[in-house]
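What follows is a single structure, written as structure tokens, with notes after it.
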Amino acid sequence: MNAWTMERRMYTLTLLSLVLSGVGALTVNIPKKLYEFARGDNITLPCTFTLKNPPTEKTLYIISWSGEVEGSDTETLILTYYSHLGITDVTKHNEGRVSLDFDVAKRKADLKITSITKRDNKEFECRVQVPGDDEGKPSDTTRLVVLVAPSTPICEIQGKTEYGKNINLTCVSEEGMPTPIYSWKSQDVRNMPRVADPRTTDKGGVLSLYNISKDASGYYICTSSNKIRSATCNITLSVMPPSMNIGSTAEIIAGAVAALVSFIRYLLLLLPEGEG
Ligand SMILES: *[C@@H]1O[C@H](CO)[C@@H](O)[C@H](O)[C@H]1NC(C)=O
Ligand SMILES: *[C@@H]1O[C@H](CO)[C@@H](O)[C@H](O)[C@H]1NC(C)=O
Ligand SMILES: *[C@@H]1O[C@H](CO)[C@@H](O)[C@H](O)[C@H]1NC(C)=O
């Protein structure tokens, strides 16, 4: 048997089993196993069903949606719709933010959620109950993944910014789903791309610089990105000789005092001598 015949047989078989199982029984289907949406979106989780018999005015439906946090093993009800009462019972926690889009003619029972949050990261189940029609697949599940743009990262310098030292520039976004990927770029003081020391590494948001000299000084930009968006932070690095770093504090103080003195002198000059 060649591959083609094989494929054809498989196809016929699949078709046959579909015909045998699919028709004439309640079958609930959610098209995708996974849905991804950004936090804050208004979303629709689709759910369709087939019925054993064509529906009549008297057909009763009970539709329910529930959710389960991954690994928690506790399924919580979100809403239940009773066709004979024409009411949708929404659980307290979900009031005002979920609704059912039910349409018998279109055989759909979609769940609508407004402004999704990280707490909606769940396995959702759509269940259809029709009295006398319970031999198919009465429910189906899907996963909702709530994506979050990276928050503005925080750039920091770890270590002493003196000649010959090893330092790390770190970059972290507090939020982001999927976990953001970080990359550092830098320019030297003349805004030229830098020739990196061969030992320089850029891993997981940590840029490690070794044996730094004044050539390492300049502007460093970190980009934190995931499939939704990206955000940046930046930092200016100025590498000093070790002695100057200690000296510089004293220099700054001396400078400040001198500035203050000349400022006071300046004020004194401005005093209205003429009027006195
Ligand atoms: C979601 O729907 C609400 C009203 O139901 C509306 O105020 C809001 O702007 C919508 N948000 C988005 C992101 O479309
Ligand atoms: C820089 O990061 C590396 C790896 O995370 C670490 O081993 C090293 O001690 C850090 N150096 C400084 C100066 O923080
Ligand atoms: C550090 O860099 C200086 C030149 O900038 C060089 O003379 C020295 O050998 C380097 N030290 C190490 C440990 O690589």
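Beyond 24 Å between alpha-carbons counts as too far, so tell me which of Lys33/Lys227; Lys92/Lys118; Lys92/Lys227; Lys52/Lys122; Lys33/Lys108; Lys32/Lys122 fall in that bin.
Lys92/Lys227; Lys52/Lys122
Pop a pseudo-label 7 angstrom from the Cα along the beta-carbon direction at both Ser115 and Lys137 and give the gap in nm to one decimal.
Placing both labels 7 Å beyond Cα along the Cβ direction yields 3.6 nm.
If amide H atoms are built 1.01 Å from N in the plane of the peptide, which residues on other chains or at least 5 residues away come under 5 Å of the amide H of Ser173?
Ile154
Is region 164-210 best put as rounded, prolate or oblate by its Cα gyration tensor, with a ≥ b ≥ c the root eigenvalues, rounded for a/c under 1.5, and otherwise prolate when a/b is larger than b/c, oblate when not?
prolate
Kindly write out, for region 112-129 in residue order, the coupling ³J(HN,Hα) from the Karplus curve 6.51 cos²θ - 1.76 cosθ + 1.60 (θ = phi - 60°), rounded to whole Hz, with x marking Gly and Pro.
10, 10, 9, 6, 5, 10, 4, 5, 8, 5, 8, 8, 9, 10, 10, 10, 10, 10
Given a Förster distance of 45 Å, report the FRET efficiency between Glu123 and Thr200 from their Cβ-Cβ distance, rounded to the nearest 0.05.
Here the calculated transfer efficiency is 0.55.
Where a number appears in this text, it was derived from the coordinates with a stated rule and is not lab data. Keep in mind the model is a prediction, meaning the values are calculated, not measured. Don't worry about glycine lacking a Cβ; one is built from the backbone with ideal geometry, like all the others, and counts go over all protein chains shown.
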